[in-house]
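A.B. asks: Got a structure here, written out as structure tokens. Questions coming.
The values are calculated or read from the model by the stated rules, or taken from the named source; none is laboratory data. As the structure is a computational prediction, the values presented were derived from the model and not from experiment. Heads up, the Cβs are rebuilt from the backbone with ideal geometry, glycines too, and the neighbour counts pull from every protein chain shown. Side chains included, ligands, DNA and RNA excluded: accessible areas come from the protein's heavy atoms. Shrake-Rupley method; radii C 1.70, N 1.55, O 1.52, S 1.80 Å.
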Amino acid sequence: MEIISQHKCFNGLQGFYKIESTSTGLPMTFSVYQPPQARNKKVPVLFYLAGLTCTEETFMIKGGAQRYAAEHGIMLVSCDTSPRRTGIKGAADSWDFGHGAGFYLDATQQPWATHFRMESFVVQELRSLIINEFPALPDRIGVFGHSMGGHGALTLALRHPEIFKSVSAFAPIAAPSHCPWGQKAFSNYLGSDQSQWAQHDASALMRERKTPFPDGILIDQGLDDQFLETELLPHHFEMACWAAEQPLTLRRHAGYDHNYYFISTFMEDHIAFHSKLLNK
């Protein structure tokens with residue numbers, strides 16, 4: 001593990017790191033905020049999955065989360081949104097697919113399958129590294145995210161409930177099989193078999209479950225979000241939760257759009273939500 005930089009922040013430590021990933025076969029960057037409590041004991045961990053075009057820096061710079069993580073004694077982890085410099089033709093041609101748009105799944109179709117293995121990277125490799133190299137409690141891990149990362153948070157939590165004990169999202173892509181972003185990503189990464197798409201679609205996964213998170217799921221959505229009606233489709237997930245008897249708090253906020261001004265406004269609520277569950 002290479003240390004890129006470290007900075008004191010709210011009496012804790014904000015760090016940026018790089019590893020040679022065995023999951024993606026390429027260098028991967030990630031960031032960790034260690035709260036002041038981590039100097040004396042192991043602490044719960046909260047993974048944040050960022051959205052399209054973002055990197056491991058975006059959340060740590062713009063989210064305003066470290067203040068609240070320091071108060072609650074929670075470690076924050078974020079990572080890049082895909083492998084970079086893959087050498088794949090077309091991987092950098094559009095902002096909503098390829099580099100910066102890994103969709104937190106393991107691609108099955110070439111040329112993407114060799115390097116685009118973000119589910120394995122987050123759930124297995126990065127999680128193991130955090131547990132082994134940082135003062136992290138291995139059985140108290142939560143996940144949240146924004147947009148594409150909100151999709152990742154919901155799907156990874158539903159696919160790995162034995163790992164993630166809490167989950168929330170800001171403006172997630174809630175039904176990717178039914179929106180242009182998701183259809184573009186899934187058809188390229190997973191192929192034409194839509195039964196495979198359903199395994200990475202939060203609404204489809206929830207319809208197969210029965211109260212997977214009895215302590216609830218929190219989602220915040222801005223009503224002035226320019227992507228609400230075409231890409232995000234939170235009502236699909238809301239209906240799936242109703243059918244699965246899954247407690248869901250879906251808060252719709254007038255005037256808020258899709259950016260980090262919105263995210264930072266409600267960050268305190270999300271950290272407190274996860275803290276309540278991870279510190280039970």
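A.B. asks: May I ask you to list the residues in region 1-18 that are in contact (Cβ under 8 Å) with a residue 40 or more places away in the chain, surrounded by fewer than 20 Cβ atoms within 10 Å (Cβ to Cβ) and not in a loop (DSSP other than H, G, I, E, B)?
C.D. replies: Cys9, Gln14, Phe16
A.B. asks: Is it the case that Ser120 is polar (S, T, N, Q), open to solvent by less than 60 Å² (accessible area, probe 1.4 Å), in contact with a Phe, Trp or Tyr (Cβ under 7 Å, 6 or more places away or on another chain) and assigned to a helix (DSSP H, G or I)?
C.D. replies: Spelling it out, it is not the case that Ser120 is polar (S, T, N, Q), open to solvent by less than 60 Å² (accessible area, probe 1.4 Å), in contact with a Phe, Trp or Tyr (Cβ under 7 Å, 6 or more places away or on another chain) and assigned to a helix (DSSP H, G or I).
A.B. asks: Ok, one more. For region 33-42, check the following and say yes or no: at least one residue is assigned to a strand (DSSP E or B) and of a type in the set (Phe, Trp, Tyr).
C.D. replies: Checked against the condition, which is being assigned to a strand (DSSP E or B) and of a type in the set (Phe, Trp, Tyr), region 33-42 yields at least one hit.
A.B. asks: Separate question: When you check Ser168 against the structure, is it of a type in the set (S, T, N, Q), at negative phi and in a helix (DSSP H, G or I), yes or no?
C.D. replies: So Ser168 does not fit the description; no.
A.B. asks: Now for a different question. Filtering region 152-172 down to residues that are without any contact (Cβ under 8 Å) to a residue 60 or more places away in the chain and under 20 Å from Trp112 (Cβ atoms), which residue is surrounded by the most Cβ atoms within 10 Å (Cβ to Cβ)?
C.D. replies: Within region 152-172, the match that is surrounded by the most Cβ atoms within 10 Å (Cβ to Cβ) is Thr155.
A.B. asks: Separate question: Would you check if Ile271 is open to solvent by less than 20 Å² (accessible area, probe 1.4 Å), in a loop (DSSP other than H, G, I, E, B), β-branched (Val, Ile, Thr) and modelled with pLDDT of 95 or more?
C.D. replies: no
A.B. asks: OK, next. Are there any pairs, at least 6 apart or on different chains, whose C-beta atoms fall under 6 Å, with the first in region 60-73 and closer than 15 Å to Phe266 by Cβ and the second open to solvent by 10 Å² or more (accessible area, probe 1.4 Å) and in a loop (DSSP other than H, G, I, E, B), and if so, which?
C.D. replies: Note: pairs meeting the criteria are Arg67/Phe10.
A.B. asks: Within the group Tyr189, Tyr261, Tyr256, which residue is open to solvent by less than 10 Å² (accessible area, probe 1.4 Å), at pLDDT 95 or above, closer than 26 Å to Gly100 by Cα and hydroxyl-bearing (Ser, Thr, Tyr)?
C.D. replies: Tyr189 is the lone residue from the list that is open to solvent by less than 10 Å² (accessible area, probe 1.4 Å), at pLDDT 95 or above, closer than 26 Å to Gly100 by Cα and hydroxyl-bearing (Ser, Thr, Tyr).
A.B. asks: Further question on the same structure: Limited to region 235-280, what total is found for residues that are within 30 Å of Pro35 (Cα to Cα), within 18 Å of the chain's Cα centre (by Cα) and touching a residue at least 40 places away in the same chain (Cβ under 8 Å)?
C.D. replies: 17
A.B. asks: Now for a separate question. Looking only at region 49-105, which residues are of a type in the set (Lys, Arg) and either closer than 22 Å to Asn11 by Cβ or crowded, with 16+ Cβ neighbours inside 10 Å (or both)?
C.D. replies: Selection gives Lys62, Arg67, Arg84.
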